[in-house]
1. Within the stretch 138-151, track down each residue that is more than 15 Å from I120 (Cβ to Cβ), touching a strand residue (DSSP E or B) at 6+ places or on another chain (Cβ under 9 Å) and surrounded by fewer than 20 Cβ atoms within 10 Å (Cβ to Cβ).
2. In the stretch 25-41, how many are touching a strand residue (DSSP E or B) at 6+ places or on another chain (Cβ under 9 Å) and either part of a helix (DSSP H, G or I) or of a type in the set (A, V, I, L, M, F, W, C) (or both)?
3. How about the stretch 73-131: which of its residues are within 19 Å of A58 (Cα to Cα), of a type in the set (D, E) and either under 14 Å from the mean Cα position of the chain (by Cα) or surrounded by 12 or more Cβ atoms within 10 Å (Cβ to Cβ) (or both)?
4. Within the stretch 22-38, does at least one residue satisfy the condition of being buried (at least 16 other Cβ atoms within 10 Å of the Cβ), of a type in the set (D, E) and within 18 Å of G143 (Cα to Cα)?
5. Tell me, which strands (runs of 3 or more DSSP E) wholly within the stretch 42-151 include 2 or more residues that are within 23 Å of T5 (Cα to Cα), of a type in the set (D, E, K, R) and touching a Gly at 6+ places or on another chain (Cβ under 9 Å)?
Amino acid sequence: MIYDTFENVQKYLGIHPNLDRAIAFIQQTDLKQLPLGVTEIEGQEVYVNIMEANLNPADAIQFEYHKKYVDIQFDLIGEEQVAIGFIEKSETNHYEEKSDFGTIECEKEIIVPLGENRFIICFTEEKHKPGIQSDQHHFVKKGVIKVRTKP
């Protein structure tokens, strides 16, 4: 997991070619001007999904993970919290290959705020729980850049 501000995004160049494409897109694009829905950056290798969502209490959301895609998540309006999960309960694991989406319960978590100018990169297999409401925010307009790193 990487948690940082957009002014430091170039520090993460060189990890993977598709991540480099995503970083270049971030640096060259006014993210607030992107339309709702999916915008292709590099076909199905790198794309961004801009969405509006109601935020929920942490206990109403499951941890998710992906095996093929890295998530770069950021907020455009509002501020959500994102939990990073540790100590997985393997009997709760459920993964769908087609959608590259799995859910699992974790015993421990760390919660970080997103909000303006911050992003989080959740690598494959890293358990994360986005969409958690904060004391002041119950709605968010956000983006998720999907970066394929595995076949």
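Every number in this text was worked out from the coordinates using simple rules, so none of it is lab data. Keep in mind it's a predicted model, so treat the numbers as computed, not measured. FYI the Cβ positions are ideal-geometry reconstructions off the backbone, even for glycines, and counts take in every protein chain you see.
1. If we filter the stretch 138-151 for residues that are more than 15 Å from I120 (Cβ to Cβ), which is where we start, we get 138-139, 141, 148-151.
Narrowing further to those that are touching a strand residue (DSSP E or B) at 6+ places or on another chain (Cβ under 9 Å): 138-139, 141, 148-150.
Within the stretch 138-151, H138, F139, K141, T149, K150 meet the criteria.
2. Of the stretch 25-41, the ones touching a strand residue (DSSP E or B) at 6+ places or on another chain (Cβ under 9 Å) are 25-26, 29, 31-32, 34-41.
With the extra rule that they be either part of a helix (DSSP H, G or I) or of a type in the set (A, V, I, L, M, F, W, C) (or both), the set shrinks to 25-26, 31-32, 34, 36, 38, 41.
The qualifying residues number 8.
3. D75, E79, E80, E88, E105, E109, E126
4. no
5. On the way: elements: 46-54, 63-65, 69-77, 81-96, 101-113, 118-122, 128-132, 139-148.
Correct list: 139-148.
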